[in-house]
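What follows is a set of notes on a single structure, which appears directly below.
The values are calculated or read from the model by the stated rules, or taken from the named source; none is laboratory data. Note that the structure is a prediction, hence the values are computed from the model and not measured. Here the Cβ positions follow ideal geometry from the backbone for every residue, glycine too, while neighbour counts run over all protein chains shown. All accessible areas refer to the heavy atoms of the entire protein, side chains included, with ligands and DNA or RNA removed. Shrake-Rupley method; radii C 1.70, N 1.55, O 1.52, S 1.80 Å.
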Amino acid sequence: MTLLPIDERALPILQEERKRLQSTYDECSKIIPGSPALDKITEAIDAIDAEISKRSGL
């Protein structure tokens, strides 16, 4: 078995985590719209998006 470089292994994990955070955001926004927690989730999503862009060379 050959291991992929760490950047290639990390990308799918980051993408999955982003999906989970987006789902959490969507559910929370239905229950408690306007909550400060939504801002924190958005910050986390933005940070993951930046990391995904960096690792995929965009």
Completion exercise
Checked against (1) open to solvent by 80 Å² or more (accessible area, probe 1.4 Å); (2) part of a helix (DSSP H, G or I); (3) at pLDDT below 95, K19 satisfies every condition except (3)
Exercise for the section: Return yes or no: is E43 part of a helix (DSSP H, G or I) and at pLDDT 95 or above? Expected result: yes
Fill in the blank from the handout: The one condition M1 fails out of (1) modelled with pLDDT under 90; (2) not in a loop (DSSP other than H, G, I, E, B) is (2)
Handout entry: Close pairs (7 angstrom Cβ cut-off, 6 or more residues apart or separate chains): open to solvent by less than 30 Å² (accessible area, probe 1.4 Å) in the range 34-54, small (G, A, S) and part of a helix (DSSP H, G or I) anywhere
Key = L38/S29
